[in-house]
1. Count, please, the residues in the stretch 70-88 that happen to be closer than 25 Å to I256 by Cβ and modelled with pLDDT of 95 or more.
2. Where in the stretch 196-289 are the strands (runs of 3 or more DSSP E), entirely inside, with at least 1 residues that are modelled with pLDDT under 95 and open to solvent by 20 Å² or more (accessible area, probe 1.4 Å)?
3. Go through the stretch 17-37 and give me each residue that's of a type in the set (A, V, I, L, M), free of Cβ contacts under 8 Å to residues at least 40 places away in the same chain and open to solvent by less than 70 Å² (accessible area, probe 1.4 Å).
4. Being at pLDDT below 95, part of a strand (DSSP E or B) and open to solvent by 10 Å² or more (accessible area, probe 1.4 Å) narrows it down to one of R91, R14, R57, so name that one.
5. Might you check whether a residue that is more than 29 Å from S38 (Cβ to Cβ), polar (S, T, N, Q) and in contact with a strand residue (DSSP E or B) (Cβ under 6 Å, 6 or more places away or on another chain) occurs anywhere in the stretch 247-266?
6. If a residue counts only when it is acidic (D, E) and modelled with pLDDT of 95 or more, which strands (runs of 3 or more DSSP E) contained entirely in the stretch 117-180 have at least 1 such residues?
7. Restricting the search to the stretch 1-11, which residues are part of a strand (DSSP E or B) and either open to solvent by less than 40 Å² (accessible area, probe 1.4 Å) or closer than 24 Å to L199 by Cα (or both)?
8. Determine whether I77 is under 30 Å from A179 (Cα atoms) and among the β-branched types (V, I, T).
Amino acid sequence: MQLCKVQWPGGGIRIGIVEDDHVRFLDLEDYVGVQALSDILHADHPATMAREFIDDRSPAWPVADLLLLPPIDRQEIWAAGVTYPLSVQARHQESAGAGAFYQAVARSQRPELFFKATPHRVVGHGARIRIRRDSRWSVPEPEVALVISPRMKIVGYTLANDVTARDLEAENPLYLPQAKIYDGCCALGPYVTLAEAILQPRDIMVRLTVERRGERVFEGQTRVADMTRSLEDLVAWLARDNTFPHGVVLLTGTGIVPPDDFRLQPGDIVSVSGTGLGRLTNIVEQAAG
């Protein structure tokens, strides 16, 4: 089952189930304690609860006719780094000094985990991601994101684009928050695929395409199976001495790294797709001066 969050044309936000490129909406108005997407995601049996709330009076709407919002509510967004061999290599190439730190992390039992975004800095499918105006080298980072309940259980999967200013990251590791965290720095969506529908997460194939003025200027792909760490291990480390009363979304790192001469430009169309997870597409814009 796949759940989405939609900006309703008549106003307000509605939650729906995605089936055959259509959305069947849920009727939550009369249910105390179940008003948000996370209320369903964090339930003991999300699929059963969602089906109980289907609004039979409302027709199914084509997904293409709807504005999909990021499938989050009040969750923090965190991310893991250097979880693929290629990402370690890229960090070493971009900066010899910083590369030594990343090599050490790759060999360590403790993973790199960092805060990525608050909900208001996240955009959904079809919205605009941003590149920093003080960066000359920004790239997309396509990733599988784990939707995690307050009990630190993986309840679903979605797609993410962890936009990064690589020149800031390369200049000094202490600039990582500025390279990663700013308005429009992260895209999530298009919906959440419940964990029970993904029997083998390691089989997920992630693909990235970037189009510029009608021409495909970059494409790449990777598999979750290529990760050097397990998803469960990343979640366990994130949970150490940390609580997330509203749940958390964890980006699991990227195994697709564009060449060093590639830079995102305003107007680029970036698409991230994943097996069983749909396609997340966004247009690039530069942050206002």
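1. Counting residues in the stretch 70-88 that are closer than 25 Å to I256 by Cβ and modelled with pLDDT of 95 or more gives 9.
2. 278-286
3. Answer for the stretch 17-37, where residues must be of a type in the set (A, V, I, L, M), free of Cβ contacts under 8 Å to residues at least 40 places away in the same chain and open to solvent by less than 70 Å² (accessible area, probe 1.4 Å): I17, L26, L28, V34, A36.
4. Testing whether each residue is at pLDDT below 95, part of a strand (DSSP E or B) and open to solvent by 10 Å² or more (accessible area, probe 1.4 Å) leaves just R14.
5. No, that holds for no residue.
6. 142-148, 154-162
7. Within the stretch 1-11, Q2, L3, C4, K5, V6 qualify.
8. Yes, satisfied.
The values are calculated or read from the model by the stated rules, or taken from the named source; none is laboratory data. No experiment lies behind these values; they were computed from the predicted model shown. Note that we place each Cβ from the backbone using ideal geometry, even for glycine, and neighbour counts take in every protein chain shown. All accessible areas refer to the heavy atoms of the entire protein, side chains included, with ligands and DNA or RNA removed. Shrake-Rupley method; radii C 1.70, N 1.55, O 1.52, S 1.80 Å.
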